[in-house]
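Participant: Okay, handing you the structure first.
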Amino acid sequence: MPDRDVELLLVEDNPQDVELTLTALKEHHLANRVHVVRDGAEALEFAFCTGAYAQRRPDPRPKLILLDLKLPKVSGLQVLERLKSDPRTRTIPVVVLTSSREEPDITTCYNLGVNSYIVKPVDFEQLIGAARQLGFYWLLLNQPPER
Amino acid sequence: MPEPPIEVLLIEDNPNDVEMTLYAFEQYRLSNRVHVVRDGAEALDYIFGAGAYAGRNVEDVPRVILLDLKLPKVDGIEVLRRLKADPRTWAIPVVVMTSSREERDVVETYKLGANSYIVKPLDFVKFTEAVRQVGLYWLLLNQPGAG
């Protein structure tokens, strides 16, 4: 359980990708405000303060949710759909970061109101570069909604 | 000879801000396919192929729209509302770039589905740097929606 306000919720089940993303964020000293969840069910519990996160205060809300699509228990698309349809969470910026380049996934995400969609580079240095760039953009440059 | 597709639609009435934005796009070689419209009415005509832009193919969508909120004729909020209400255009990333830091403006634009909100820096160097980051993110990193 994070003892500091969570700025970034990272929803990712692949441990290597978690590692690379955190490495990239450390460069901007952003990694200590990251909370990692490893399946879609836990992501929803965190977002809605239920189950294992029943004691979590919803405010301040994260500046960014970084969401993989291929998740155990509850899929990324279902998580996105829940987040963007609930008034308590729909203004939180969500960036899908996924290996999927499939048109249906991209279209569905935009239809559901995803803020941004990034295809994970296969090359790990490029993945670190992408994570660095999106970390800077969403955590430092972008103005988040009221928290 | 058909014109190459527009990559960036810049909706901005302040001539200084237009100039600085175009300068940044050119300086950093982000795009040479930027179209500028200077009020909300012209923005809607362009987007939906009406008025002076009658016959323009609506399916021909830019990769990103940079939208100021304070516009003559039709304000930025209304332009945003129209963009995010139409299935032909709701997937186009809209980056609100505005001098307003008002909580109300921020929350309202996110509720209407704006993808990102950037407060325009006053300093020229910071302004062009912000435009550079916006350009790099939405033109190179982000995966656009179908269409």
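The values are calculated or read from the model by the stated rules, or taken from the named source; none is laboratory data. Owing to the predicted nature of the structure, the values given are computational and were not obtained by experimental measurement. Cβ sites come from the backbone with ideal geometry, for glycine too, and all protein chains shown count toward neighbours. With ligands, DNA and RNA removed, areas are computed over all heavy atoms of the protein, side chains included. Shrake-Rupley method; radii C 1.70, N 1.55, O 1.52, S 1.80 Å.
Participant: Among the residues of the stretch A:115-147, what is the count of those that are of a type in the set (A, V, I, L, M, F, W, C) and at the interface with another protein chain (Cβ under 10 Å from one of its Cβ atoms)?
Facilitator: 8
Participant: Would you check which residues across the stretch A:94-114 are of a type outside the set (A, V, I, L, M, F, W, C) and either more than 7 Å from chain B (Cβ to nearest Cβ) or in a helix (DSSP H, G or I) (or both) and list them?
Facilitator: A:T98, A:S99, A:S100, A:R101, A:E102, A:E103, A:P104, A:D105, A:T107, A:T108, A:Y110, A:N111
Participant: Looking only at residues that are assigned to a loop (DSSP other than H, G, I, E, B) and within 14 Å of chain A (Cβ to nearest Cβ) in the stretch B:69-92, which one is most open to solvent (accessible area, probe 1.4 Å)?
Facilitator: B:R88
Participant: In the stretch B:105-113, is there at least one residue being surrounded by 15 or more Cβ atoms within 10 Å (Cβ to Cβ) and assigned to a loop (DSSP other than H, G, I, E, B)?
Facilitator: Scanning the stretch B:105-113, I find at least one residue that is surrounded by 15 or more Cβ atoms within 10 Å (Cβ to Cβ) and assigned to a loop (DSSP other than H, G, I, E, B), so the answer is yes.
Participant: At pLDDT 95 or above, in contact with a strand residue (DSSP E or B) (Cβ under 6 Å, 6 or more places away or on another chain) and not in a strand (DSSP E or B) - does that describe any residue in the stretch A:48-61?
Facilitator: No, that holds for no residue.
Participant: Can you pull out the residues in the stretch A:1-13 that are out of contact with any Asp or Glu (no Cβ under 7 Å at 6 or more places or on another chain) and either β-branched (V, I, T) or farther than 21 Å from A:A52 by Cβ (or both)?
Facilitator: A:V6
Participant: Sticking with this structure for a sec: Can you report the number of residues in the stretch B:97-113 which are within 9 Å of chain A (Cβ to nearest Cβ) and either within 15 Å of B:L9 (Cα to Cα) or among the β-branched types (V, I, T) (or both)?
Facilitator: Qualifying residue count, the stretch B:97-113: 3.
Participant: Oh, and also: Could you check the stretch B:114-147 and list, in sequence order, the residues that are more than 9 Å from chain A (Cβ to nearest Cβ) and outside any helix (DSSP H, G or I)?
Facilitator: B:K120, B:P121, B:L122, B:D123
Participant: Here's another thing I want to ask about it. Show the residue pairs that are 6+ apart or on different chains and have beta-carbon atoms under 9 Å apart, the first residue being within the stretch B:52-72 and without any contact (Cβ under 8 Å) to a residue 12 or more places away in the chain, the second being surrounded by fewer than 20 Cβ atoms within 10 Å (Cβ to Cβ) and among the acidic types (D, E).
Facilitator: Correct list of pairs: B:A52/B:D45; B:Y53/B:D45; B:A54/B:D45; B:R56/B:D45.
Participant: A further question follows. Mind counting the residues in the stretch A:103-112 that are touching a residue at least 12 places away in the same chain (Cβ under 8 Å) and over 14 Å from the mean Cα position of the chain (by Cα)?
Facilitator: The qualifying residues number 3.
Participant: So which residues in the stretch A:119-144 are closer than 12 Å to A:L64 by Cβ and open to solvent by less than 10 Å² (accessible area, probe 1.4 Å)?
Facilitator: Matches in the stretch A:119-144: A:A131, A:L134, A:G135, A:Y137, A:W138, A:L139, A:N142.
Participant: Which condition breaks for B:L44 when tested against (1) within 14 Å of chain A (Cβ to nearest Cβ); (2) open to solvent by 10 Å² or more (accessible area, probe 1.4 Å); (3) touching a Lys or Arg at 6+ places or on another chain (Cβ under 7 Å)?
Facilitator: (1)
Participant: For A:K70, are the conditions met, namely being out of contact with any Pro (no Cβ under 8 Å at 6 or more places or on another chain), in contact (Cβ under 8 Å) with a residue 40 or more places away in the chain and open to solvent by 10 Å² or more (accessible area, probe 1.4 Å)?
Facilitator: yes
Each row is one residue, and each column tells you yes or no for (1) crowded, with 23+ Cβ neighbours inside 10 Å; (2) closer than 14 Å to A:E12 by Cα.
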{"site": "A:V36", "(1), (2)": "no, yes"}
{"site": "A:D39", "(1), (2)": "no, yes"}
{"site": "A:T50", "(1), (2)": "no, no"}
{"site": "A:P62", "(1), (2)": "yes, no"}
{"site": "A:D86", "(1), (2)": "no, no"}
{"site": "A:V96", "(1), (2)": "yes, yes"}
{"site": "A:T107", "(1), (2)": "no, no"}
{"site": "A:G113", "(1), (2)": "no, no"}
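Participant: Among the residues of the stretch B:51-67, write down those that are closer than 15 Å to B:V79 by Cβ and surrounded by fewer than 15 Cβ atoms within 10 Å (Cβ to Cβ).
Facilitator: Across the stretch B:51-67, the qualifying residue is only B:G51.
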